[in-house]
Amino acid sequence: MYRVRRLPHILYTWMVIGLGLWLLVYTFPHLDLDRGRELLVMAALAVLAEWLAVVFPQGQLSGGFAVILATYLIFGPVATVWVNCLATAFAQGVANRGNPLRTTLFNAFQYVLVVLVANFLYALAGGDAGRALNWSNVPPLAVFMLAYFGLNQLMVYLYTLPVRRGYPLFHWLDALRWDGLTYLLAAPIGLLMGMLYSKTGVYGTVLLFLPVLAVQFVLRFYVHLELANRELRVLYEVARRLGGSLQLEEIMDLVLKETRRVINFHTGVIYLWSEENKCYLVGAAYGPHARLIKGSAIQRGEGFLGLALENGEPQLVDDTRSDVRTAGDLGLTQVHRSMLVVPLLAETEAVGLLVLGDKRAGFFEEKHLRLVTIIAGQTAVAIANAQLYRKLKVASITDGLTGLYNYRYFYHRALGELERARRCGDNLSLVMLDIDHFKQINDRYGHLAGDMVLSGVAGVIRSEKRACDLATRYGGEEFALLMPQTGPAEAMLVAERLRKAVRENLFEVEGTRIQVRISVGVATYPAHASDLAGLINAADNALYRAKESGRDRSIAFSRGRA
């Protein structure tokens with residue numbers, strides 16, 4: 001069980017424990033100790049049933065009701081109270097399964113209330129005081145069994161209510177259905193044990209209890225298979241949808257959404273490696289503080305999350321306030337008590353980090369870590385594929401040397417921009433620029449130096465252009481800049497700014513700084529051309545005139561000159 005610190009839950013828990021303890025002590029004088037040996041046999045059977053119980057999230061299935069019903073029929077309600085309470089306390093105390101002490105005490109003492117209330121309703125329904133197994137006593141016995149089942153389910157439901165959202169794959173109706181099936185199988189055996197007692201004694205009833213254990217093994221297989229199938233369905237859905245997406249944003253949103261189907265966490269974050277920033281930045285975030293989280297970053301090896309990335313190992317933290325790994329750490333560990341941290345490993349490289357957090361201590365369990373680790377593995381492969389696809393896509397539309405768009409992409413985008421300008425009645429300007437005397441640079445310093453100059457000029461263009469402009473390496477030492485919603489006068493200002501920026505920038509080539517100059521031609525749609533071919537020819541014509549006029553200058557297209 002999770003460590004829940006809610007006042008109503010605490011009051012309810014200890015009220016049940018206190019009342020159950022008081023009633024247990026109150027009924028002790030009515031307990032027939034002369035039959036102590038027989039009661040110990042029944043208690044031993046109940047302990048065995050508890051030890052072999054089928055455990056599932058926030059509950060368990062046990063065939064112990066057969067023993068409880070037989071004890072009630074043979075020895076009465078007081079003996080049933082003591083056998084049920086002590087057997088549960090001992091069995092769950094030894095085979096603890098990670099439950100805190102209060103859970104063991106609650107499970108034991110709530111049975112005291114359940115048995116006594118069910119017995120009261122049995123008497124109210126006209127049940128035989130001797131609990132005889134005859135037809136007239138069947139309805140009261142049915143009332144006792146239904147009351148026992150219903151009250152037990154209700155009290156356990158209220159106890160686990162604060163943490164039921166921790167495992168979305170499992171629902172309370174599942175527990176009701178599975179437990180109801182267990183009771184249906186155990187009740188007939190309990191009745192037979194009660195009937196057989198008068199003929200064979202308490203030891204003869206032990207033989208009848210063996211089928212209960214067999215039923216529990218079948219139920220264990222069924223329940224575990226059912227839960228495993230639900231987990232596999234989620235994992236299959238994640239894998240299927242991840243395999244069909246190559247968009248990073250879609251992948252990360254999908255992972256957080258599908259993971260929440262398995263674990264109802266408070267906050268989920270996916271960090272991705274940024275080559276540009278040399279750190280891990282938030283790619284996606286879920287939770288009430290998502291906007292604040294999106295501005296955070298992680299450096300490999302720094303802090304708890306950074307060390308998890310460096311080690312490449314999944315981390316489960318029950319309580320950040322007491323765990324030495326998170327002592328003094330800042331960020332998410334300050335606002336979450338429990339955390340799951342799983343590196344996203346593609347081969348041996350950590351492409352990212354999946355972090356889940358919850359404000360409740362002890363919220364996450366090993367099964368959560370196992371499931372998230374599987375999802376993280378699928379996610380890492382999908383992210384690596386998406387990043388590779390993005391790199392290939394960028395490579396297909398950019399020039400490898402300068403990093404600007406290539407001619408093919410430029411032409412495709414230019415057609416679209418021209419159509420938009422025609423539809424909206426906007427201007428569209430094209431600036432063509434060429435490096436002056438570029439052949440001399442290659443001849444004097446070599447082609448490697450020429451490549452450095454090309455890359456440097458591209459960097460100047462990139463820094464001077466607007467976000468909406470399209471910068472392209474048009475071919476050789478020639479570049480183009482397409483400027484939407486820009487008229488002739490504004491385009492000339494941009495051209496001059498580019499020309500001066502290139503001239504003022506000194507390019508270092510083989511230890512020598514050289515000054516580079518460019519010639520620029522400018523043309524605008526619709527003033528100088530009516531289509532894309534005409535616009536390119538007009539700008540190229542203006543560039544040619546700039547070269548003819550002495551270079552290192554910007555000239556706008558003029559229809560009067562060729």
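The values are calculated or read from the model by the stated rules, or taken from the named source; none is laboratory data. As the structure is a computational prediction, the values presented were derived from the model and not from experiment. Here the Cβ positions follow ideal geometry from the backbone for every residue, glycine too, while neighbour counts run over all protein chains shown.
Here residue 519 passes the criteria (1) farther than 14 Å from residue 552 by Cβ; (2) touching a Lys or Arg at 6+ places or on another chain (Cβ under 7 Å) except the one numbered (1).
Of all the residues in the range 94-131, those that are at pLDDT below 90 and surrounded by fewer than 12 Cβ atoms within 10 Å (Cβ to Cβ) number 6. Report yes if residue 478 is of a type in the set (D, E, K, R) and in contact with a strand residue (DSSP E or B) (Cβ under 6 Å, 6 or more places away or on another chain), otherwise no. It is true that residue 478 is of a type in the set (D, E, K, R) and in contact with a strand residue (DSSP E or B) (Cβ under 6 Å, 6 or more places away or on another chain). A residue that is within 19 Å of residue 510 (Cα to Cα) and surrounded by fewer than 22 Cβ atoms within 10 Å (Cβ to Cβ) cannot be found anywhere in the range 474-486. Hey, any hits in the range 258-279 for a residue that's under 22 Å from residue 240 (Cα atoms), of a type outside the set (S, T, N, Q), in contact with a His (Cβ under 6 Å, 6 or more places away or on another chain) and not in a helix (DSSP H, G or I)? Looking for residues that are under 22 Å from residue 240 (Cα atoms), of a type outside the set (S, T, N, Q), in contact with a His (Cβ under 6 Å, 6 or more places away or on another chain) and not in a helix (DSSP H, G or I), one finds at least one in the range 258-279, hence yes.
Within the range 232-250, can one find any residue that is closer than 23 Å to residue 345 by Cα, assigned to a loop (DSSP other than H, G, I, E, B) and without any contact (Cβ under 8 Å) to a residue 24 or more places away in the chain? Yes, that holds for at least one residue. Among the residues of this structure, residue 401 counts as one that is exposed (fewer than 15 other Cβ atoms within 10 Å of the Cβ) and not assigned by TED's automatic domain parsing to the domain that holds residue 255. Could you please let me know if residue 380 is at pLDDT 85 or above, in contact with a strand residue (DSSP E or B) (Cβ under 6 Å, 6 or more places away or on another chain) and in a helix (DSSP H, G or I)? Against the criterion (at pLDDT 85 or above, in contact with a strand residue (DSSP E or B) (Cβ under 6 Å, 6 or more places away or on another chain) and in a helix (DSSP H, G or I)), residue 380 qualifies.
Among the conditions (1) within 22 Å of residue 264 (Cα to Cα); (2) in contact with a Pro (Cβ under 9 Å, 6 or more places away or on another chain), residue 228 misses just one, which is (2).
Annotation note: of 525, 544, the sole residue that is farther than 27 Å from residue 397 by Cβ, touching a residue at least 12 places away in the same chain (Cβ under 8 Å), surrounded by 16 or more Cβ atoms within 10 Å (Cβ to Cβ) and aromatic (Phe, Trp, Tyr) is 544.
Determine if the range 295-318 includes at least one residue that is within 17 Å of residue 274 (Cβ to Cβ), touching a strand residue (DSSP E or B) at 6+ places or on another chain (Cβ under 9 Å) and among the polar types (S, T, N, Q). Yes, because at least one residue in the range 295-318 is within 17 Å of residue 274 (Cβ to Cβ), touching a strand residue (DSSP E or B) at 6+ places or on another chain (Cβ under 9 Å) and among the polar types (S, T, N, Q). Looking only at residues of the range 547-562 that are polar (S, T, N, Q) and without any contact (Cβ under 8 Å) to a residue 24 or more places away in the chain, we find that the one that is nearest to residue 430 (Cα to Cα) is 558.
Residues in the range 152-199 that are polar (S, T, N, Q), at pLDDT below 80 and surrounded by 15 or more Cβ atoms within 10 Å (Cβ to Cβ): 1 in all. Evaluation of residue 441 against the conditions (1) in a helix (DSSP H, G or I); (2) under 17 Å from residue 403 (Cα atoms); (3) out of contact with any Phe, Trp or Tyr (no Cβ under 8 Å at 6 or more places or on another chain) shows that the sole unmet condition is (2). Which one is surrounded by the fewest Cβ atoms within 10 Å (Cβ to Cβ) among residues in the range 257-285 that are touching a residue at least 24 places away in the same chain (Cβ under 8 Å) and hydroxyl-bearing (Ser, Thr, Tyr)? Checked the range 257-285; the qualifying residue surrounded by the fewest Cβ atoms within 10 Å (Cβ to Cβ) is 267.
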